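Notes to accompany the following structure.
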Amino acid sequence: MTAVKTKRKAKKKTKQWNPNIVVFACNWCSYAGADTAGVSRIQHQPHFRMIRVMCSGRIQPGFVLKAFEKGADGVLVSGCHIGDCHYIFGNERALEQFEKTKNMVRLLGLEEGRLRLEWISAAEGARFAQVINEFTDQVRELGPSPLATGNRKH
Ligand code: FES
């Protein structure tokens, strides 16, 4: 076997599995926080798709369950810090919805670590990157979602 083939084989073996992560982000804070991370050229893991909603209060359990059904290995729900919601109490509603979602996810037999809620402001680009990195590693550790088999695109 040539040296190149051996090197390729070794590289293939060490290739890391990358999870499919869905991030729900409110327009005014968390989405802008992701934008700040990008504009500031802060490096973070790229294995996520972002769904922008006007307010985290809009994120109902059905949205999260649908994401898992469609192949997500992890779902991050994010919004403005408590007291900063542009619709006054939307994130307080998001918190209530998140508790319901967590219970449903548990009932489906999924690990709690596949779901996370974070408040990220528009100025917190570094925090957005940190949360994405931590969450990606956490989901990677859990492995592929049992619900995602068959719906996985890669
Ligand atoms: S506008 Fe961001 S949580 Fe309501």
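Using a 7 Å offset from Cα along Cα-Cβ at M50, what residues in region 106-134 end up with backbone N under 19 Å from the label point? Counting only backbone N, you get 116-134. For the peptides 128-135, 36-43, 84-91, the ranking by packing is 128-135, 84-91, 36-43, with the highest mean count of neighbouring Cβ atoms within 10 Å listed first.
Of the residues L107, L65, L115, the one that moves most in a GNM of the chain with alpha-carbon contacts below 10 Å is L107. Here region 38-82 was treated as a single set of alpha-carbon atoms; its pair distances binned every 5 Å from 0 give 5, 15, 25, 23, 18, 10, 3 percent.
Which values, in whole Å and largest first, are the semi-axes of the equivalent ellipsoid of the chain obtained as the square root of 5 times each eigenvalue of the Cα gyration tensor?
Equivalent-ellipsoid dimensions as semi-axes: 31, 20, 11 Å.
Residues whose amide H comes within less than 5 Å of that of N27, counting only those at least five positions distant or on another chain, are V53, M54, C55 (H built at 1.01 Å from N in the peptide plane).
Assuming 0.36 nm per residue, please report the length gained on full extension of the stretch L108 to R41 beyond their Cα-Cα distance. Could the numbers behind the result be given before it?
Details: separation 67, 0.36 × 67 = 24.12 nm, distance 3.79 nm.
Separation in residues times 0.36 nm, less the Cα-Cα distance, equals 20.3 nm.
Lysine pairs in region 1-144 whose alpha-carbon atoms fall under 29 angstrom of each other, counting only those eight or more residues apart or on distinct chains, come to 11. Between beta-carbons, use under 13 Å as the cut-off and find the net charge around F24, counting Lys and Arg +1, Asp and Glu -1. Summing Lys and Arg as +1 and Asp and Glu as -1 gives +4.
Dipole check for the chain: with +1 at the C-beta of Lys and Arg, -1 at the C-beta of Asp and Glu, and the Cα centre as origin, the magnitude is about 1320 Debye.
Region 57-113: Rg/Rh from Cα coordinates, Kirkwood Rh?
Working: Rg = 11.9 Å, Rh = 11.9 Å.
The Rg/Rh ratio comes out at 1.00.
Every number in this text was worked out from the coordinates using simple rules, so none of it is lab data. Quick caveat: nothing in here was measured; it's all calculated off a predicted structure. Positions of Cβ are backbone-derived with ideal geometry, glycine not excepted, and every protein chain shown enters the neighbour counts.
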